[in-house]
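The values are calculated or read from the model by the stated rules, or taken from the named source; none is laboratory data. In this text, all values refer to a predicted model and were calculated from it rather than measured experimentally. Methodologically, a virtual Cβ is constructed for each residue, glycine included, from the backbone with ideal geometry; neighbour enumeration extends over all protein chains shown. For the accessible areas, the whole protein counts, side chains as well, though only heavy atoms, and no ligand, DNA or RNA atoms are used. Shrake-Rupley method; radii C 1.70, N 1.55, O 1.52, S 1.80 Å.
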Amino acid sequence: MTAEPRYIHHVNFPTTDPDRTAAWYTRVFGMKRIMPKSNTRVVLMTRGNFDLHFTPVEEMERMAPYHFAVEVDDWDEFLAHLEELGIRHTRPIERPENQSKFCYIHDPDHTMIELVYHSRRPN
């Protein structure tokens with residue numbers, strides 16, 4: 001046993017429309033909605049290697065510049081995937097010092113998501 005944490009289990013964001021949010025994260029990131037056995041209203045989404053939770057709210061407060069980042073395996077393929085879905089992204093930025101790229105997208109509630117790609121990142 002150790003006193004250090006293993007990893008972040010999940011993060012929780014607000015949503016004004018739980019079903020729309022679940023459908024969007026399923027389409028964009030291939031996440032699966034978990035239907036809890038308890039009577040919680042929280043939307044539980046998972047990919048197996050990371051989880052996101054969404055708490056229903058009546059009104060959304062502006063969250064920018066707060067965001068989370070998702071590492072993608074194939075930059076060009078993921079941007080093509082976004083284009084197929086009609087999801088706009090910011091202009092991609094390249095960082096030659098670490099062979100990385102990043103851009104931003106927003107979910108239906110305008111939660112900002114950074115997409116990151118490292119060509120030489122170890123698995």
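Can you find, within the range 51-73, the residue that is farthest from Leu115 (Cα to Cα) among those that are among the β-branched types (Val, Ile, Thr) and open to solvent by 30 Å² or more (accessible area, probe 1.4 Å)? It would help to see each step written out before you state the result.
Going through the range 51-73, the residues among the β-branched types (Val, Ile, Thr) turn out to be 55, 57, 70, 72.
Keeping just the survivors that are open to solvent by 30 Å² or more (accessible area, probe 1.4 Å) gives 55, 57.
Numbers: Thr55: 23, Val57: 25 Å.
Only one residue fits best here, namely Val57.
Residue-level analysis places Leu85 among those that are under 17 Å from the mean Cα position of the chain (by Cα), open to solvent by 30 Å² or more (accessible area, probe 1.4 Å) and under 16 Å from Thr21 (Cα atoms). Contact map, the range 25-42: residues that are free of Cβ contacts under 8 Å to residues at least 60 places away in the same chain paired with residues that are open to solvent by less than 70 Å² (accessible area, probe 1.4 Å) and of a type in the set (Val, Ile, Thr), Cβ distance under 6 Å, separation 6+ or inter-chain. Pairs shown: Lys32/Thr46; Ile34/Thr46; Val42/Thr55. The residue that is modelled with the highest pLDDT, counting only those in the range 88-115 that are assigned to a loop (DSSP other than H, G, I, E, B), surrounded by 14 or more Cβ atoms within 10 Å (Cβ to Cβ) and not polar (S, T, N, Q), is His89. In the range 116-123 there is no residue that is closer than 17 Å to Tyr25 by Cα, open to solvent by 50 Å² or more (accessible area, probe 1.4 Å) and free of Cβ contacts under 8 Å to residues at least 12 places away in the same chain. Criterion first (open to solvent by 30 Å² or more (accessible area, probe 1.4 Å) and under 13 Å from the mean Cα position of the chain (by Cα)) does Asn12 satisfy it? So Asn12 passes the test. Evaluating Asp76 against the criteria (1) closer than 25 Å to Pro14 by Cα; (2) loosely packed, with under 13 Cβ neighbours inside 10 Å; (3) without any contact (Cβ under 8 Å) to a residue 40 or more places away in the chain leaves one unmet condition, (1).
Taken over the range 22-50, residues that are in a strand (DSSP E or B), open to solvent by 50 Å² or more (accessible area, probe 1.4 Å) and in contact with a helix residue (DSSP H, G or I) (Cβ under 9 Å, 6 or more places away or on another chain) amount to 2.
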